[in-house]
């Protein structure tokens, strides 16, 4: 682990567990490049989907992978194992709670019809 990123510019240079706060989210691409980061662990509780999309857009030129630390573990003092992390998924980028549909019910309503879906991305 090379350090932390925090949106508060006032925390830059401070330390947490012996690791420095290296900058803000806007500095993330430079930090990834400078320290050759291959994995970014996102542990920000209630990070808005829009801000997560901004992070990914900022880092789109890097080969770093992103993993999400479940919110329940972000305030624990225990160590986090790799098994507790999960890959970034499309639903993490939605600005709302994911909606699940009954595929059988939907199929029965639209089968044999021409339909247009709007707003299908979120």
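The values are calculated or read from the model by the stated rules, or taken from the named source; none is laboratory data. This is a predicted model, so every value here is computed, not measured. Quick reminder, even Gly has a Cβ in these numbers, built from the backbone with ideal geometry, and neighbours come from all protein chains shown.
Details
- Considering residues of segment 87-106 that are surrounded by 10 or more Cβ atoms within 10 Å (Cβ to Cβ) and over 18 Å from residue 55 (Cα atoms) only, the residue modelled with the lowest pLDDT: 98
- Some residue of segment 45-54 being at pLDDT 85 or above and in a helix (DSSP H, G or I): yes
- For first residues located in segment 21-48 and on the phi > 0 side of the Ramachandran plot and surrounded by fewer than 17 Cβ atoms within 10 Å (Cβ to Cβ), partners that are part of a helix (DSSP H, G or I) and at pLDDT below 85 and lie 6+ apart or on another chain with Cβ distances below 9 Å form the pairs 46/71.
- A count restricted to segment 1-32 and to residues that are farther than 16 Å from residue 59 by Cα, part of a loop (DSSP other than H, G, I, E, B) and touching a helix residue (DSSP H, G or I) at 6+ places or on another chain (Cβ under 9 Å) stands at 3.
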